[in-house]
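A.B. asks: Structure incoming, see below.
The values are calculated or read from the model by the stated rules, or taken from the named source; none is laboratory data. Values in this document were obtained by computation on a predicted structure and should not be read as measured data. Positions of Cβ are backbone-derived with ideal geometry, glycine not excepted, and every protein chain shown enters the neighbour counts. Surface areas here come from the heavy atoms of the whole protein model, side chains and all, with no ligands, DNA or RNA. Shrake-Rupley method; radii C 1.70, N 1.55, O 1.52, S 1.80 Å.
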Amino acid sequence: MAKIMPLADAVAAFVQDGDSIAMEGFTHLIPHAAGHEIIRQRRTDLTLIRMTPDLIYDQLIGAGAAKKLVFSWGGNPGVGSLHRFRDAVEKGWPRPLELEERAHADMANSYAAGASGLPFAVLRAYAGTDIPARNPNIRSVVCPFTGETLAASRALRPDVAVIHAQKADRKGNVLLWGILGVQKEAVLAAKRAIVTVEEVVDDLGVDPAHNAVILPAWVIGAVACVPRGATPSYAHGYYARDNAFYKAWDAIARDRETFAAWVRRHILDTADFDGFLASLREPAHVAA
Amino acid sequence: MSPPDYTTDEMMTVEAARQLGDGDVCFVGIGLPSAAANLARLTHAPEIVLIYESGTIGAEPDALPLSIGDGELADTALTVISVPEIFRYWLQGGRVDIGFLGAAQIDRFANINTTVVGDYARPTVRLPGAGGAPEIAAQAGEVFIILRQNPKAFVETLDFITSVGHLDGGDARARLGLPGRGPTKVITDLGVLTPDPKTRELTLTQLHPGVTVEQARAQTGWPLKVAPNLATTPAPTAAELEKLRALHRRTKLAHARGAAA
């Protein structure tokens, strides 16, 4: 049953060194505040799972928190490379990064398989591509009815899932809307789940309620209230994506020292996400 | 002769937009494909259905999204569904007419590499990876690819096949059991290439105004086949350019928004 607690306590209680962790959110509702807190608490040897590593994992990889990445598309969308990801893969800095690479359809199906308690996902995928040769968790299975060969991908079963959502009620039931990505599947596939939310309310206020995307409190370990906690991603109905930040990130992350200074100043030297947001408003912050 | 009043990128995007028909269901990649698909929607194809892999069906963005899941897409979509559903019911379910992709590199059979340049384990350049492209390339009814033509992008041999075009040519797609017809057009800043009906090797069938066959050959990393009846692309019309430039203006404004990092 979900407990409502500060984010720092949730990370301390639910994220251990060496865990496999899926922090999902497809462009929308990316749990940046939780990513920062994991860096702040110096978690290490993590297996990071995420369809689009994005800035959140560029930061964790550059900070040395990850030993392995399971992913399907690693770029800064519309801007260019994720430089910390590339530096880790191409040069092993700050440490070598093991890759397990899939395609989006596979990741989505494999989370659904994990959420369904199945050992693998079945999908029509990969024929003729070089991807399965580099990933032993992608194999094939023959359909017992038609004889068709289909891709079989090992289910994703993270130790921890972390997502950001718009609202929770005081019991810890979580409501999200807009672009939903694979958040529901990631939470249900994981052993434990942390959800950060924009606000905690008395009543989720869903009308009509029946088809709203709600994660019941009893599938969640911790709910933490972190207003603007998806920044620079966005929360539909609360704030827009900070595209300017995504563009500025290119120059911050391109250089190891600039990146390290940015992490120190804006994450390690701030107490929490409010502190991070305040540090961005200071005139002399490290930017492009 | 005075120089044209449009850029090669504008010519490429306009010609790519023209390939899309009104009412087509188009699965759209981010970047150049998204620009072309939205230009089509704003000009000759108002009924085109744009699907983005973030789960937005029937998106009608006023400005181009910077990422594949910007709020603008959700706000203007007919419906927003989860990512597993978009890939399972809509793409794998066979409900997409055209997959519109960009690419880092292609070969003569329109296979795509977006994974690595060099060795996989020790890459010279680590590219973003697959995203949704492998299944779009396999399963959309047909595939259009848009990218700038140069020897780094049009290569003799790919270091990695991320998404299959026509593999080694001929009936390779049928042998692999791929549901869709695969790439039927490659639109570049120099012209249009289409697969030979039999060998499936990309053949230059169309040049944009002012571009020569020699230029196209020089920008291609393999001996480029050229169709005997080479066509010339009609130059962008004033209306097409006006719509495209207005779209880019709105996009620039939208992307500058947000508190600076």
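A.B. asks: So A:ASP106 fits all but one of (1) of a type outside the set (Gly, Ala, Ser); (2) open to solvent by 10 Å² or more (accessible area, probe 1.4 Å); (3) in contact (Cβ under 8 Å) with a residue 40 or more places away in the chain; what number is the exception?
C.D. replies: Every condition holds for A:ASP106 apart from (2).
A.B. asks: Next question. Taking A:LEU99, is it surrounded by fewer than 23 Cβ atoms within 10 Å (Cβ to Cβ), on the phi < 0 side of the Ramachandran plot, touching a Phe, Trp or Tyr at 6+ places or on another chain (Cβ under 9 Å) and not in a loop (DSSP other than H, G, I, E, B)?
C.D. replies: yes
A.B. asks: Now for a different question. Which one of these does B:LEU64 not meet: (1) out of contact with any Ser or Thr (no Cβ under 7 Å at 6 or more places or on another chain); (2) more than 17 Å from B:GLU135 (Cα to Cα); (3) surrounded by fewer than 24 Cβ atoms within 10 Å (Cβ to Cβ)?
C.D. replies: If we test B:LEU64 against (1) out of contact with any Ser or Thr (no Cβ under 7 Å at 6 or more places or on another chain); (2) more than 17 Å from B:GLU135 (Cα to Cα); (3) surrounded by fewer than 24 Cβ atoms within 10 Å (Cβ to Cβ), just (1) comes out false.
A.B. asks: Moving to a separate point now. Considering (1) open to solvent by 10 Å² or more (accessible area, probe 1.4 Å); (2) modelled with pLDDT of 95 or more, say which one B:PRO3 fails and leave the rest.
C.D. replies: Going through (1) open to solvent by 10 Å² or more (accessible area, probe 1.4 Å); (2) modelled with pLDDT of 95 or more one by one, B:PRO3 breaks only (2).
A.B. asks: Of all residues being within 14 Å of another protein chain (Cβ to nearest Cβ) and within 21 Å of the chain's Cα centre (by Cα) in region B:208-251, which is most open to solvent (accessible area, probe 1.4 Å)? Just the residue, please.
C.D. replies: Taking region B:208-251 as the starting set, the residues that turn out to be within 14 Å of another protein chain (Cβ to nearest Cβ) are B:248, B:250-251.
Now restrict to residues that are within 21 Å of the chain's Cα centre (by Cα): B:248, B:251.
Working: B:HIS248: 84, B:THR251: 14 Å².
Selected residue: B:HIS248.
A.B. asks: Right, another one. So which of A:LEU215, A:LEU204, A:LEU280, A:LEU268 ends up being hydrophobic (A, V, I, L, M, F, W, C) and touching an Asp or Glu at 6+ places or on another chain (Cβ under 6 Å)? Full working, then the answer.
C.D. replies: Details: A:LEU215 fails: touching an Asp or Glu at 6+ places or on another chain (Cβ under 6 Å); A:LEU280 fails: touching an Asp or Glu at 6+ places or on another chain (Cβ under 6 Å); A:LEU268 fails: touching an Asp or Glu at 6+ places or on another chain (Cβ under 6 Å).
Within the list A:LEU215, A:LEU204, A:LEU280, A:LEU268, the selection yields A:LEU204.
A.B. asks: Considering only residues that are modelled with pLDDT under 95, touching an Asp or Glu at 6+ places or on another chain (Cβ under 9 Å) and in a loop (DSSP other than H, G, I, E, B), which ones fall in region B:65-91?
C.D. replies: B:PRO65, B:SER67, B:ILE68, B:GLY69
A.B. asks: Restricting to region A:45-82, what's the tally of residues that are facing another protein chain (nearest Cβ under 10 Å) and open to solvent by 10 Å² or more (accessible area, probe 1.4 Å)?
C.D. replies: The qualifying residues number 7.
A.B. asks: Among the residues of region A:238-261, write down those that are surrounded by 21 or more Cβ atoms within 10 Å (Cβ to Cβ) and touching a helix residue (DSSP H, G or I) at 6+ places or on another chain (Cβ under 6 Å).
C.D. replies: Answer for region A:238-261, where residues must be surrounded by 21 or more Cβ atoms within 10 Å (Cβ to Cβ) and touching a helix residue (DSSP H, G or I) at 6+ places or on another chain (Cβ under 6 Å): A:ASN243, A:TRP249, A:ILE252, A:ALA253, A:PHE259.
A.B. asks: If I ask for residues that are open to solvent by 70 Å² or more (accessible area, probe 1.4 Å) and without any contact (Cβ under 8 Å) to a residue 40 or more places away in the chain, which ones from region A:181-206 would you list?
C.D. replies: Hits for region A:181-206 are A:LYS191, A:ASP202, A:ASP203.
A.B. asks: Moving on. Between a first residue in region B:37-53 that is more than 15 Å from B:GLU15 (Cβ to Cβ) and touching a residue at least 60 places away in the same chain (Cβ under 8 Å) and a second residue that is open to solvent by 10 Å² or more (accessible area, probe 1.4 Å) and of a type in the set (D, E, K, R), which pairs have beta carbons less than 7 Å apart while being 6 or more apart in sequence or on different chains?
C.D. replies: Listed by first residue and then by second, the contacts come to B:LEU42/B:LYS243.
A.B. asks: Of the residues A:GLY205, A:GLY172, A:GLY229, only one is touching a Pro at 6+ places or on another chain (Cβ under 9 Å) and on the phi > 0 side of the Ramachandran plot; which?
C.D. replies: Matching residue, one of A:GLY205, A:GLY172, A:GLY229: A:GLY172.
A.B. asks: Quick one: in region A:83-95, which of the residues that are in a helix (DSSP H, G or I) and more than 8 Å from every other protein chain (Cβ to nearest Cβ) is farthest from A:HIS36 (Cα to Cα)?
C.D. replies: Among those residues, the one meeting the criterion is A:LYS91.
A.B. asks: For residues that are open to solvent by less than 50 Å² (accessible area, probe 1.4 Å) and either farther than 23 Å from B:ARG126 by Cβ or over 21 Å from the mean Cα position of the chain (by Cα) (or both), tally how many sit in region B:86-107.
C.D. replies: Qualifying residue count for the region: 8.
A.B. asks: Does A:ARG42 satisfy the condition of being surrounded by fewer than 24 Cβ atoms within 10 Å (Cβ to Cβ) and more than 10 Å from chain B (Cβ to nearest Cβ)? I'd like the intermediate steps shown before the answer.
C.D. replies: Values: surrounded by fewer than 24 Cβ atoms within 10 Å (Cβ to Cβ): yes; more than 10 Å from chain B (Cβ to nearest Cβ): yes.
For A:ARG42, the condition - surrounded by fewer than 24 Cβ atoms within 10 Å (Cβ to Cβ) and more than 10 Å from chain B (Cβ to nearest Cβ) - is met.
A.B. asks: Still on this model: Over 20 Å from the mean Cα position of the chain (by Cα) and not aromatic (Phe, Trp, Tyr) - does that describe any residue in region A:218-236? Walk me through how you get there before you give the answer.
C.D. replies: Quick first cut of region A:218-236, residues over 20 Å from the mean Cα position of the chain (by Cα) only: A:218.
Retained after the next criterion (residues that are not aromatic (Phe, Trp, Tyr)): none.
Scanning region A:218-236 turns up no residue that is over 20 Å from the mean Cα position of the chain (by Cα) and not aromatic (Phe, Trp, Tyr).
A.B. asks: Which one is farthest from A:PRO216 (Cα to Cα) among residues in region A:136-177 that are in contact with a Phe, Trp or Tyr (Cβ under 7 Å, 6 or more places away or on another chain) and outside any strand (DSSP E or B)?
C.D. replies: We begin by selecting, within region A:136-177, every residue in contact with a Phe, Trp or Tyr (Cβ under 7 Å, 6 or more places away or on another chain); these are A:138, A:151-156, A:160, A:166.
In the following step, the residues that additionally are outside any strand (DSSP E or B) were identified as A:155-156.
Values: A:ALA155: 23, A:LEU156: 21 Å.
Checked region A:136-177; the qualifying residue farthest from A:PRO216 (Cα to Cα) is A:ALA155.
A.B. asks: Can you name the number of the only condition in (1) over 14 Å from the mean Cα position of the chain (by Cα); (2) within 11 Å of another protein chain (Cβ to nearest Cβ); (3) free of Cβ contacts under 8 Å to residues at least 40 places away in the same chain; (4) farther than 27 Å from B:ARG249 by Cβ that B:ALA59 fails?
C.D. replies: (4)
A.B. asks: Oh, and also: Filter region B:110-125 down to residues that are in contact with a Lys or Arg (Cβ under 7 Å, 6 or more places away or on another chain) and either more than 12 Å from chain A (Cβ to nearest Cβ) or surrounded by fewer than 24 Cβ atoms within 10 Å (Cβ to Cβ) (or both), then give me how many there are.
C.D. replies: Total satisfying the criteria: 1.
A.B. asks: Additional query: Can you list residue pairs whose Cβ atoms sit under 6 Å apart, with the first residue in region A:154-180 being closer than 22 Å to A:SER110 by Cβ and the second being acidic (Asp, Glu) and open to solvent by less than 10 Å² (accessible area, probe 1.4 Å)? Count only pairs 6 or more apart in sequence or on different chains.
C.D. replies: Pairs that qualify, where the first residue is closer than 22 Å to A:SER110 by Cβ and the partner is acidic (Asp, Glu) and open to solvent by less than 10 Å² (accessible area, probe 1.4 Å), are A:ILE163/A:GLU24.
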